Amino acid sequence: MAKTKSAKKAPAKAVKPAASPAPGSSAPAIDIGIATGDRKKIADGLSHFLADAYTLYLKTHNFHWNVTGPMFNALHVMFEDQYNEQWTALDEIAERIRALGFNAPGSYAEFTRLSSIAEEPGLSDAADWREMVRQLTVGNEAVCRTARKTLKTAEAAGDDPTVDLMTQRLQVHEKTAWMLRSLLQ
């Protein structure tokens, strides 16, 4: 039986110790390669984005319920597709804020304060379908503007997951704004 050379083991790499736990917690502090200040700026941008996205979701759902007129069926279905897609995205946005180490806004008061989109106050007389489509076009574009600001902040900090999320959301909202605008041309 031939003797085999025992393989030399590579020296163990030094493992950087985890950051100290947050006060009152046994969990280590967040160390994902993005400075705390940058994470805070990104989370703030995402909070504004979440507020815009939630306000747009609510408005879209409202219009789904209240649309009338000759475009009823087409818009009722279109608005339903849009609010279902938006609802799923809200969770991803909030979870990204949490992954960065901050609490996601979650109340109407917070969303009202953070959103750039005017909330539809409720309709005693339903708005004309054209006005609904116009408001949703403008709302989707507002979401795009907020996403672009957040994307730039995330890009500057090297936060690729947030950049990716904002890029995906931009694609959805830009396409939606185009489709809605096309109905009014």
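The values are calculated or read from the model by the stated rules, or taken from the named source; none is laboratory data. All figures in this text were calculated on a predicted structure; none of them were measured in a lab. Counting neighbours? That spans all protein chains shown, and the Cβs are built from the backbone with ideal geometry, glycine included.
For the stretch 57-78, name all the residues that are of a type outside the set (Phe, Trp, Tyr), in a helix (DSSP H, G or I) and loosely packed, with under 13 Cβ neighbours inside 10 Å.
Asn73, Ala74, Val77
Determine if the stretch 79-90 includes at least one residue that is in a helix (DSSP H, G or I), buried (at least 20 other Cβ atoms within 10 Å of the Cβ), modelled with pLDDT of 95 or more and over 16 Å from the mean Cα position of the chain (by Cα).
Scanning the stretch 79-90, I find at least one residue that is in a helix (DSSP H, G or I), buried (at least 20 other Cβ atoms within 10 Å of the Cβ), modelled with pLDDT of 95 or more and over 16 Å from the mean Cα position of the chain (by Cα), so the answer is yes.
Taking Ala109, is it modelled with pLDDT of 95 or more and under 30 Å from Ala29 (Cβ atoms)? Talk me through it step by step, then tell me what you get.
On the way: modelled with pLDDT of 95 or more: no; under 30 Å from Ala29 (Cβ atoms): yes.
It is false that Ala109 is modelled with pLDDT of 95 or more and under 30 Å from Ala29 (Cβ atoms).
Among the residues of the stretch 133-152, count how many are surrounded by fewer than 20 Cβ atoms within 10 Å (Cβ to Cβ) and in contact with a Lys or Arg (Cβ under 6 Å, 6 or more places away or on another chain).
Residues that pass the stated criteria total 1.
Restricting the search to the stretch 154-177, which residues are of a type in the set (S, T, N, Q) and crowded, with 20+ Cβ neighbours inside 10 Å?
Let us first name the residues in the stretch 154-177 that are of a type in the set (S, T, N, Q), namely 162, 167-168, 171, 176.
Of everything in the stretch 154-177, those that are of a type in the set (S, T, N, Q) and crowded, with 20+ Cβ neighbours inside 10 Å turn out to be Thr162, Thr176.
In this structure, does Leu56 turn out to be within 16 Å of Asp164 (Cα to Cα) and out of contact with any Phe, Trp or Tyr (no Cβ under 6 Å at 6 or more places or on another chain)? Please lay out each step first, then the result.
On the way: within 16 Å of Asp164 (Cα to Cα): no; out of contact with any Phe, Trp or Tyr (no Cβ under 6 Å at 6 or more places or on another chain): yes.
Judged against the criteria, Leu56 is not a match.
Would you check which residues across the stretch 35-50 are small (Gly, Ala, Ser), in a helix (DSSP H, G or I) and within 13 Å of Ala156 (Cβ to Cβ) and list them?
If we filter the stretch 35-50 for residues that are small (Gly, Ala, Ser), which is where we start, we get 35, 37, 43, 45, 47.
With in a helix (DSSP H, G or I) added as a condition, the list becomes 37, 43, 45, 47.
Result: Gly37, Gly45.
Is there any pair linking a residue in the stretch 64-75 that is free of Cβ contacts under 8 Å to residues at least 40 places away in the same chain to one that is of a type in the set (S, T, N, Q) and crowded, with 17+ Cβ neighbours inside 10 Å, with Cβ under 9 Å and at least six apart or on different chains, and which?
Close Cβ pairs (under 9 Å, with a partner that is of a type in the set (S, T, N, Q) and crowded, with 17+ Cβ neighbours inside 10 Å) amount to His64/Gln82.
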